[in-house]
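Working notes for the structure below.
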Amino acid sequence: MVKLIGAIGAWRPKLDFIALHYIWIIFCAILGFIVLYPHGNVPAIDALFFGASASTESGLNTIDLKELKMYQQLYLYVIPMITNLGFINPFVVAVRIYWFRKKLKQMIEDEEDDEKKTRLDGKPIGPEAPDTTYFIPPPRERDSGQPFVVVDPRNDDEIRPAPAEHMDSEAGVRLRRPMTARDGPALTTARSLQHAASSVFVLGPNKAGRRNSVSSRAPATSNLPALSRQVTVGRNSKFYNLTPEDEEKLGGIEYRALKVLLKVTIAYFFGLHLLGIVCLVPWIHNAPAKYTDWLAQNGLDKTWWGFYSAQTMVDNLGFTLTPDSMVTFRDATWPMLIMTFLAFAGNTLYPVLLRLTIYVMSKVVPARSSTKEALQFLLDHPRRCYTLLFPSGPTWVLFVIIAALNLIDVVLIIVLDLDNPAINDLPMGPRVLSALFQAASSRHTGTSTLNLALINPAVQFSLLVMMYIAILPIAISIRASNTYEEKSLGMYKDQELPDESDASSYVVMHFRNQLSFDLWYIFLGTFCICVAESQKISDPAEPAFSVFSIFFECVSAYGTVGLSLGHPSVSASLSSQFGIFGKLVICAAMIRGRHRTLPYAIDRAIMLPGEGSDDGTGPQGDALLRGATARSEKEATD
């Protein structure tokens, strides 16, 4: 029985971040069935579909939202918020802070127990007497293996090897400061909880030795508290050669940085929702009759429309209370501008605007305040603290890529549909604004100002491509800046090291891995639905059913976008016409696609105490060292 229990325990999978993320999303999807189904106005499969679509922010719907009861609409308002990246990531930061504080308090208690035991035993606190003297051999003798020795000043003839705790564990080239009786316990009144954070937060070994020569082109330490000269910063803000004093300084500032980051991210997330409400609710109450009559015709409250529209854009959900999405509002300048901004700020430009917010705050707060120091740490070493906060260079690249993609989309929508009555009935100004809104929606939101079934087929194809690649800039930025993934990706093999100076090959490698993660599932889902819906596809009376329209639906589901070519018989997505099996395939695609931006393996920003290896040792640490050394030698020869 004991062996059986042990075998079951060994078989149990480890609940890392991505596993917990899957559990949370699937739980919310199933909860949708439990909440939406009992009233009886939604079939069971559609209740599950709504739950999956809301929890993944996909936005595909099988029933008009205006047909749902108020409590059901309220559920579809709350769930996308608590499953959104803007909510989950700050929650992870809060969990990290909680566990770090818990571990630090335990360390303090252990130190106090050791102090009491030492005093009861009557032994000195320090490992050596205060008058102990050390003889340090010259460098050449140390290199040949000559150890440190202890010289007793009271007896010059007595020489003995230095205790191991005073020697570096690799080469014995650095001497730790001897403890004295006045040092006392390291983690009692002498250090605050924030200062004690160093032993948990600081990455990288304290070992000097061969790492003293390692240089890096990573962020400099000029904006940090004064650190020792031997401290070097590796890629992904991994610190090496830290002394205990360096750890205390660096750990304290990182702890404060996490607390500031938690406040900033929470204020950013809920502030965007509040901004949308403040901008949309007053507008709709004073809007022209064309828009208010449309809401009244569909039995919608104007205030509730403002609240829900703000939420659907910030969370990039895509559900709208009006059956034609945003087609009726496409010539309304104010909501088009506000909702386009909210769509960008809530998802694709989230890392850019978050860094901009922190940057502006760092310029506003007093120069000598602890908040200024914490904000500067976040700017210099973002990936140590947060999954969606990148260094300055990658952030600018991300902004340029997203701007270019949207510009291409706007040009294609306008140019390819110059003679299309579905587009050119608008004046050029509102047409451009409507195209910009549609371009933003094709990134992730899924709302629409156009009847996608009536636009140029080339534009349909461009939207399909944009839906697939929309998340790639952020996904690759996360993975390219995540040191912990490189071992799982096979990057740091014994005979193969990445050339980080070659940015193109580095990004191409991550892009190739992203494609291998995505494409097989999209094609498999399309194939399964084509098999299940083959009769409708073959029916000439069903022109809306085609392989392309199904492929479009699968890409939209996997990209968690929510755009659909629809069906002429309903104002919902094409998925509403699928059978039970087809809807389940779409649900699986939405759940799988929701996790495509997450790291393959563990991420520094989502790691709890005791997980992974923070000491930089082992194969991965050695490989990091070899890569840094190779760069150092290359720079020396240039």
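Just so it is clear, none of the values below were taken in a lab; they were calculated from the coordinates. Owing to the predicted nature of the structure, the values given are computational and were not obtained by experimental measurement. Positions of Cβ are backbone-derived with ideal geometry, glycine not excepted, and every protein chain shown enters the neighbour counts.
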Identify, among Pro351, Met361, Gly318, the residue whose Cα sits farthest towards the positive end of the charge dipole of segment 310-377, taking +1 on the Cβ of Lys and Arg and -1 on the Cβ of Asp and Glu, with the dipole about the Cα centre.
-> Met361
Looking at segment 283-370, which trypsin sites (Lys or Arg not before Pro) are in a loop (DSSP not H, G, I, E or B) and have at most 12 other Cβ atoms within 10 Å?
-> Arg368
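Using a 10 Å cut-off around each Cβ, can you sort Met361, Met467 from fewest to most neighbouring Cβ atoms?
Starting with the residue having the fewest Cβ neighbours, the order is Met361, Met467.
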Footprinting proxy, Ser573, Ser549, Ser556, Ser538: sorted fewest to most Cβ within 10 Å, the residues are Ser538, Ser549, Ser573, Ser556
Could you line up Val92, Val364 from fewest to most neighbouring Cβ atoms inside 10 Å?
-> Val364, Val92
Pairwise label distance in nanometres, Ala367 with Val415, each label 7 Å out on the Cα-Cβ vector | 5.0
In nm, give the distance between the simple-model label positions of His39 and Tyr98, each being 7 Å from the Cα along the Cα-to-Cβ direction.
-> 3.2
Once the piece of chain linking Ala541 and Lys66 is laid out straight, how much longer is it, given 0.36 nm per residue of separation minus the C-alpha distance between them?
-> 168.1 nm
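For Asp324 and Glu112, what does the FRET efficiency come to when R0 = 45 Å and r is the distance between their Cβ atoms, rounded to the nearest 0.05? Write down the numbers at each step before the final one.
Values: r = 67 Å, r/R0 = 1.49.
Step by step, r from the Cβ atoms, then E = 0.10.
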Would you mind calculating the gained length between Ile469 and Val570 on full extension (0.36 nm times residue separation, minus the Cα-Cα distance), in nm to one decimal?
-> 33.5 nm
So what's the Cα pair-distance distribution over segment 278-427, bin width 10 Å, in %?
-> 9, 28, 27, 22, 11, 2, 0
With respect to the cross-link table entries Lys66/Lys536; Lys102/Lys259; Lys263/Lys302, which display a Cα-Cα separation exceeding 20 Å?
-> Lys66/Lys536; Lys263/Lys302
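Evaluate the relative contact order of segment 27-112 (contact order divided by residue number), counting alpha-carbon pairs under 8 angstrom at least 6 apart; express in whole percent.
Details: 62 pairs, mean separation 20.0, N = 86.
So the answer I get is 23 percent.
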